[in-house]
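The values are calculated or read from the model by the stated rules, or taken from the named source; none is laboratory data. These numbers come from a predicted model, not from an experiment. As a convention, Cβ positions derive from the backbone with ideal geometry for all residues, glycine included, and neighbour counts pool all protein chains shown. These accessible areas exclude ligands, DNA and RNA; they are computed on the full protein's heavy atoms, side chains included. Shrake-Rupley method; radii C 1.70, N 1.55, O 1.52, S 1.80 Å.
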Amino acid sequence: MTYIAKPAVRHPGLGANDLGLHMRDYEGTISTLCAGCGHDSVTAAVIQAFYELSIPPHRIAKMSGIGCSAKTPAYFVNEAHGFNGVHGRMPALATGANAANKDLHYIGISGDGDSLSIGLGQFCHAIRRNVNILYVLENNGVYGLTKGQFSACADVGSRSKRGVPNKSEPIDPVALALTLGATFVARGFSGDKQQLLPLLKAGLMHKGFAFLDVISPCVTFNDHVGSTKSYLYTRHHGHELVPVDFVPIRSEISASYEKGSRTSITMHDGSMVRFRKVPEDYDPTDRLSAYEHYRSLQNRGEVVTGLLYLDPGGEDMHDDNATTPTPLAELSHEDLCPGSEQMDALMEEFR
Amino acid sequence: MSDPRLEKTDRTNDFAFKIGTVNGTGSASANGLIMQAIFRMGIPCTGKNVFPSNFQGLPTWYEIRVSHEGYSARTPEFDLIVAMNPATYERDIAEVRPGGYLLHDSSWPMAKEFLRDDITFLGVPLGEMCVREFKGARVRILMKNIAYAGALAALLSMDLDVIRGMIQEKFAAKPKLIGSNYKAIELGYDYAMEHFDCPLPIRLQTMDATSDHVLMDGNTSAALGCVFAGATVGAWYPITPSTSLMDAFKRFCERFRKDPETGERSFFIAQAEDELAAAGVVIGAGWAGARAFTPTSGPGVSLMSEFIGLAYYAEIPAVFVDVQRVGPSTGMPTRTQQGDIAAVAYASHGDTKHIALFPANPEESFQMAVEAFDLAERFQSPVFLVQDLDIGMNDWMIPKLRWDDSFVPDRGKVLGAAELEKIQKFYRYMDVDGDGIPYRSLPGVHPKGAYFTRGSGHTSRGTYTEDADEYTEVMDRLSRKIDSAASEVPAPAVRMREGATMSLVTIGSCDEAVREATDILERQGLPVNYMRVRGFPFDTLVREFLDAHELNIVVEQNRDAQLRRLLVNETEVDPARLHSVLDYGGFPMSAAFVAGEVNEHLGRAPEETKVRPAAERPEGAVA
C-alpha cells in the first residue's frame, strides 16, 4: 500500500469540529500494514474519536512499543508527538512523559505480544500507578512481524495458520486489568466501529488508566478457520455486554432514551457515559460485579465486548502525588532551585 | 606492605582505629557520634563503614582515620581496634598493628589463644556495667555502644563537652534519653580514666581545620545536585548502594519542593517495578521536557542498557547515577569497586558511546550531578554520573557545598512555540548548526514541532528509513556529537612535580589513595606526576598527558584494567606506556598499597624507598 502517496485533498462536504479542524487534520501517514488489517480500522476510529472530541492535535502524545500495533501511531494525528519506544516498555515511557507533562492527552497503542509477554510487568504496573492514559491493546493473538507465532493470549485449542493447536493457558488482559485495579476496562472489536468509537472517546476523556482491549484480527497470520481471533469467530461469538454512548460535556442531554433503561455516569470533566440496557444483575461501576459478569459470559464461549467497568472517581497518579498544577516540565529554574541561602543553612546540619 | 605513617613518633591527630560490632545492634549511631566529635574538634577525619549485606547478626566494622594533614584514604593498618563482636575477635586482634591497642568488653574472659604480647589489651566491663546501670535488653545493648564511645573519649582525649553537646542535639526531641546517654558515656569514660594511662600516645588534639567543611556522603550530595539542578522526575528501583540517593532526594524535595500551604509538590518520584522501567520513566520524562534521573548500580545498568541505546539513538536527555558496587552479577553488594567503567562507556547494543562523569568525592558528586543535567540536555543524550559505594555511602569530610544563584541551566537546543511558528518546517535530526547537535521540540508546544520519535532507523528529517546513506548520515553525526562532548566534560585533574618522569593515572575514589601515594613516593625520593580522569569521552589533555610520560601507572579498582583499556581504545596511546595497578577486593584503596605497587614495579630495593628527610611536602591537590 505504501507505493500510493496519500492524497492531500478533502471532500468539500465534510464538516469541521469545534476547533475548525477537519478529519483530515487528525490523519497520519499512510499505513504500511497488510490490506485488511484490523489495526487500520482501529486507527480510523482513533482519528474520528480525536476529531469528534475536538482535541488540539499537538496536545496529544502518542506512545507505543514495538510490533505491528506500535507502528500505528504514525498513521494518525500527524501534528502530535509520537514515541515508538522499545518492545514492551511503552508504559514506562508513558509514565515518565505523563509525570513531566500531565496536561497532554496520552494514548498508548500496544499489542498482545507487547503487553502480555515482554511487557506484561510494565502493563501491570502502569495500571497500579494509575497513569492517565488510554491504553489500547490491539489484540490479534499472534506475532505478526515475526510471522505468526502464538502470543500469550492465544486461546487453548486455537490453531495457528499451519494447524498447530495452542496448548498454553491464555493471559486474559481484560480479566487482568479488572483485577489489577484499572479504573476503566473495555473491549472492542476492530470490525465494529460503531461500538469502538464511544469506547475510545470515553477512554480518552477518562482520568486515570483506561484500558481498551480491541480484538483486531491479523489477516495474514490469524484469520483462518480454527483461530479464535479471526473476524468470523469474533462476529459469531461476540457479545456486547452493554451498548454505550459517550456524551461530551458540551452536548445537550438527549431525551431519546427510555427512562430506566440506562445508567448514566458523569466523568471527571462533566462528560457522560451512558450504558444502555444494563442487565439487572450487573453494575458497571462495581468491579466485582463486572468481573463476575465478564467471567460467566466468557465461560459460555462468548467474546465479551463493551465498557465493562468504570470508576468515575477521576483521580490519577498525580492526585496521589499531589503534583503541582503546572506541569513539571513547565516549571522554571527559579521555581525549582532552593538557592544559596537554603544551601548555606543546610550545610550547618552536616557538621 | 608497610605503612610509612607508622614510622613517625608523634601520632597526635594521625592514626586510624576501627570498631567491630554486630550488625543491627545500634552501633552505627555510637560510631557516628565518635566520628562527628572528632570532626567538631576541628580535626580532619574520615569514616568507612564496612557492612554486610544483612540487617542483623553479621559482623560490621566502622573505620576512622584521623589525619592532621588531611589525608582521607582508607588505611588498613589500625592502631586501635574496638572489638565488640566475639565472633570476630580472632580477626580483629590479628589486625592490630604491633604496638597497638585492643579495646574489648572484659565482662567475659578473653580466650587465651587470642592473646598477643605485642599489643596492649584494654578490657572494659561494658556489658557488666550496662546490666548494672540500665534496664531492658535493648537499652543495655544500645548503651553498651555509647559506653565504648565514652571509653574512647578518655583513651583518645576527646572533648567531652563536644560529645555532650551532640547528644543534646540528637535527642532534642526525646529529652528523656539524654540522661541515659550521658550516663553511658560517663561509665566508659570514668572506667578508662581510672584503669588506664589516658590518653594513649595515639590521641586527639583540638585543631581548626574543619570549620569550612561538612561530613557528607556522596549519595546525599548527588541528590542535592539533582535538586539544585532542577530535576523534577526521579525514577528508581531500590538497589544497594544507590538507595540512599533517592531517599535523600525525596527528603530534600519534601523540604524544598513542597508548598507549605497547599502541600503541592513540584517533583514526581516513581518507584518502578524494575530498572528497565526506571530507565523508561526517565527517558519518557526527558522526552517531555523534564529533567529526570535514576540512581542505580551495576546490575541496574545491565537491565537499563536497552533503553540507554534508545535514548542515545533517539537523542533524549537522561541522567543515570551509577553507584558502583562489586560485580559481576550480584557480586558483593556492600563492597566498593569501579567495575562499570567499560559498561557505561558503551552501554547497549550497536554503535553507542556515552558521556560519563567520574567524581572522586562527595563534593564532586554534587558538582557533577548538576553538570550531568546540563550535558544531557545540551547533547540530548544519556549522561552517566559514575561514583561508587565508597563515595556514595561513606561520610567524607568535604568543603561546605556552595550554590551560585547566578547559575542558569543549559537546557540545550529546544525550540519554543514562537520559534516553531516562525520556521517553515521542523526536522528533528537535521544538523542545522553544523555542530552535530540537532534542534529538539517538546510535545504539546506547537503543531509544527511534532515528530515521531523512534529507535528504528531514521533520517535526518526524523522519518523512518532502511536506506544505507540516510541511516549512516545520522549515525555519523551522532558520533561527531558525542565526541565533541570531550571538551565539555570536566577536564582531568593534574598535578605535576618537579623532576618527575613518570606518572600515576587514576579515576574516581582512588584519588585520595593515589594522591597520598605520590606524597609518600616523593618522600622516598621518587617524584611522580598525577592525573585523574574526570570525564568521558576523554579530553585531548588526557592523551597529551599520557604521551608526555614513558611510564604511566594506571591505578583503578577492577580486575580487567577497564580505565586502561578505555584509554588505549579511545586515545590510541602506545599501550606499552600504560602499566596497571589494580585492587578490586571490595575495600577502598590505601596509599601504602599504591606506593608499594609502584616501588615493586620499578624494582626499587627497600633501602631505596627510605624516607628522605629533605623532601618537602607539596601543597594540596590541584583539581
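Here are a few things to note about the model shown:
- Assessment of segment B:268-281 against the conditions (more than 10 Å from every other protein chain (Cβ to nearest Cβ), modelled with pLDDT of 95 or more and touching a helix residue (DSSP H, G or I) at 6+ places or on another chain (Cβ under 9 Å)) yields at least one matching residue.
- All positions within segment A:25-39 that are open to solvent by 20 Å² or more (accessible area, probe 1.4 Å) and in a helix (DSSP H, G or I): A:25
- Pairs are defined by a Cβ separation below 7 Å, a sequence spacing of at least 6 or placement on different chains, a first member in segment A:87-101 that is more than 8 Å from every other protein chain (Cβ to nearest Cβ) and in contact (Cβ under 8 Å) with a residue 12 or more places away in the chain, and a second member that is surrounded by fewer than 24 Cβ atoms within 10 Å (Cβ to Cβ) and in a helix (DSSP H, G or I); the pairs so defined are A:87/A:118; A:88/A:118.
- Condition check for residue A:52: of a type in the set (Asp, Glu), more than 9 Å from every other protein chain (Cβ to nearest Cβ) and either open to solvent by less than 10 Å² (accessible area, probe 1.4 Å) or touching an Asp or Glu at 6+ places or on another chain (Cβ under 8 Å) (or both): no
- Segment B:390-411, residues that are buried (at least 17 other Cβ atoms within 10 Å of the Cβ), more than 24 Å from residue B:37 (Cα to Cα) and more than 10 Å from every other protein chain (Cβ to nearest Cβ): none
- Taking segment B:101-132 as the range and being among the small types (Gly, Ala, Ser) and either in contact with a Lys or Arg (Cβ under 9 Å, 6 or more places away or on another chain) or within 26 Å of residue B:390 (Cα to Cα) (or both) as the test, only B:127 passes.
- Subset of segment B:492-525 [of a type outside the set (S, T, N, Q) and open to solvent by 30 Å² or more (accessible area, probe 1.4 Å)]: B:494, B:496, B:498, B:499, B:515, B:522, B:523, B:525
- Residue under evaluation residue A:42, criteria (1) among the aliphatic types (A, V, I, L, M); (2) more than 8 Å from every other protein chain (Cβ to nearest Cβ); (3) in contact with a strand residue (DSSP E or B) (Cβ under 8 Å, 6 or more places away or on another chain); (4) open to solvent by 10 Å² or more (accessible area, probe 1.4 Å), criterion not met: (4)
- Members of segment A:289-336 found to be at pLDDT 95 or above, of a type in the set (S, T, N, Q) and part of a helix (DSSP H, G or I), listed by number: A:321
- Candidates are the residues of segment B:420-434 that are in contact with a strand residue (DSSP E or B) (Cβ under 8 Å, 6 or more places away or on another chain) and among the hydrophobic types (A, V, I, L, M, F, W, C); the one that is nearest to residue B:457 (Cα to Cα) is B:426.
- Where a residue in segment A:134-146 is among the aromatic types (Phe, Trp, Tyr) and its partner, wherever it lies, is surrounded by fewer than 24 Cβ atoms within 10 Å (Cβ to Cβ), with Cβ under 6 Å and at least six apart: A:143/A:149
- The C-beta contact set for segment B:479-507 (first residue on the phi > 0 side of the Ramachandran plot, second residue open to solvent by 10 Å² or more (accessible area, probe 1.4 Å), distance under 8 angstrom, 6+ apart or interchain) comprises B:499/B:527.
- With respect to the conditions (1) open to solvent by 30 Å² or more (accessible area, probe 1.4 Å); (2) within 19 Å of the chain's Cα centre (by Cα); (3) at the interface with chain B (Cβ under 9 Å from one of its Cβ atoms), residue A:315 falls short on a single one, namely (3).
- In segment B:412-432, the qualifying residues are those that are free of Cβ contacts under 8 Å to residues at least 12 places away in the same chain and assigned to a loop (DSSP other than H, G, I, E, B), and the one that is most open to solvent (accessible area, probe 1.4 Å) is B:424.
- Matching residues, segment B:183-202, being within 34 Å of the chain's Cα centre (by Cα) and surrounded by fewer than 18 Cβ atoms within 10 Å (Cβ to Cβ): B:201
- Which listed residue, of B:232, B:294, is crowded, with 20+ Cβ neighbours inside 10 Å and under 23 Å from the mean Cα position of the chain (by Cα): B:294
- Considering residues of segment B:438-478 that are more than 14 Å from chain A (Cβ to nearest Cβ) and in contact (Cβ under 8 Å) with a residue 60 or more places away in the chain only, the residue farthest from residue A:99 (Cα to Cα): B:475
- Any hit, segment B:211-225, residues being within 25 Å of residue B:106 (Cα to Cα) and either hydroxyl-bearing (Ser, Thr, Tyr) or open to solvent by 20 Å² or more (accessible area, probe 1.4 Å) (or both): no
- Filtered residues of segment A:169-196 (kept if open to solvent by 10 Å² or more (accessible area, probe 1.4 Å), in contact with a Gly (Cβ under 9 Å, 6 or more places away or on another chain) and either under 21 Å from residue A:302 (Cβ atoms) or of a type outside the set (S, T, N, Q) (or both)): A:170, A:187, A:189, A:191, A:192, A:195
- Checking A:202, A:210 one by one, the residue that is buried (at least 21 other Cβ atoms within 10 Å of the Cβ), outside any helix (DSSP H, G or I) and touching a residue at least 60 places away in the same chain (Cβ under 8 Å) is A:210 and no other.
- Residue A:116 vs. criteria modelled with pLDDT of 95 or more and more than 11 Å from every other protein chain (Cβ to nearest Cβ): yes
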